[in-house]
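> Sending over a structure as structure tokens; questions will come in a sec.
The values are calculated or read from the model by the stated rules, or taken from the named source; none is laboratory data. Since this is a predicted model, take the numbers as computed values, not measurements. Backbone-built Cβ (ideal geometry, glycine too); neighbour counts: all protein chains shown.
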Ligand SMILES: [Zn+2]
């Protein structure tokens with residue numbers, strides 16, 4: 001059993017990522033964990049007589065709680081390794097689309113066997129009459145009741161606005177700009193991880209503070225949201241050991257156990273030893289993220305392959321009324337595969353157990369900086385890479 005935050009948009013919402021991009025302000029298509037935390041913290045401090053007291057510190061500043069990114073309908077991010085028909089993009093659950101595949105296993109098989117050519121499924125569209133080249137599929141998906149991937153759309157629209165000349169409170173000549181907004185009546189959700197007593201305090205607090213405002217242009221009627229917390233039983237996920245063996249079984253076609261993948265569910269800020277930003281996590285970064293005795297097993301592994309992008313992370317520090325310093329993150333949806341240093345090897349039983357124990361810890365702790373704001377969430381051997389070959 002886990003707990004989820006649900007946020008429903010009661011008005012249109014604009015969450016800008018970059019300050020000033022020409023005359024259009026684009027919006028994010030999800031609610032970042034830092035925005036969720038900021039909303040709750042503001043509601044808390046707006047109560048008469050409340051200040052930054054012990055309960056505030058427990059709820060908003062403690063390392064024990066992780067405020068998740070909220071994705072549309074609680075969906076997952078489509079991994080960067082997903083490929084689809086260039087001309088009819090989308091999963092097979094969409095009638096107009098030609099379906100999708102995941103590039104991780106075909107690419108790894110190619111790498112590990114030194115084949116000259118990539119498997120056709122990762123090269124061109126699987127529909128006989130089409131055979132178009134493949135392109136990346138991006139966005140969000142859920143797993144439906146038939147265990148098939150289904151894309152989740154985010155509804156947006158543009159709103160034209162005029163800037164006001166503050167000194168005279170009249171329209172500033174020539175200053176027309178456009179806001180991109182998330183449309184009202186959409187639901188966003190994400191799983192929260194925290195000890196029971198914190199969950200209970202949060203529930204009580206939210207029950208008496210259901211509403212709040214997020215994003216820009218609040219004075220123009222944008223940004224009203226309603227919050228709730230619900231218990232959810234996600235029985236569609238396999239336990240760690242099954243995911244690890246499922247991934248390796250599909251990769252090698254036998255009982256060999258030599259690789260694991262990490263898929264980022266949120267952006268991850270990973271620093272190197274000189275406090276620069278990494279674009280891919282090294283074995284030592286994983287060992288640092290979950291420093292258990294089992295971390296030693298990772299000394300046998302190396303980074304084999306990566307599907308990755310980096311991006312800037314900006315934000316607004318409401319308490320200081322200042323922009324947060326800009327950081328560089330490895331983008332959500334990035335996939336990293338680590339394998340035994342000596343390709344043909346396999347893990348023996350107790351080594352495989354150590355790996356499962358370590359990866360369970362790693363998934364719980366996450367990777368890199370600012371974990372309480374939802375950064376660095378990851379999933380090991382995600383079903384997306386191995387369960388349905390054609391999607
Ligand atoms: Zn096609």
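> Assuming residue 130 fulfils every condition listed in (1) within 16 Å of the ligand (Cβ to nearest atom); (2) surrounded by 13 or more Cβ atoms within 10 Å (Cβ to Cβ); (3) within 29 Å of residue 189 (Cα to Cα) apart from one, which condition is it?
(3) is the only condition that residue 130 fails.
> Are any residues in region 133-151 in a loop (DSSP other than H, G, I, E, B), away from the ligand (no atom under 16 Å from the Cβ) and in contact with a strand residue (DSSP E or B) (Cβ under 7 Å, 6 or more places away or on another chain), and if so, which ones?
Result: 139, 144.
> Just checking, how many residues over region 190-216 are under 20 Å from residue 361 (Cβ atoms) and either assigned to a loop (DSSP other than H, G, I, E, B) or not assigned by TED's automatic domain parsing to the domain that holds residue 62 (or both)?
2
> Strands (runs of 3 or more DSSP E) wholly in region 1-111 with at least 2 residues that are under 25 Å from residue 265 (Cα atoms), touching a strand residue (DSSP E or B) at 6+ places or on another chain (Cβ under 7 Å) and within 16 Å of the ligand (Cβ to nearest atom) - which ones?
Numbers: elements: 2-9, 82-85, 100-102.
Those strands (runs of 3 or more DSSP E) span 82-85, 100-102.
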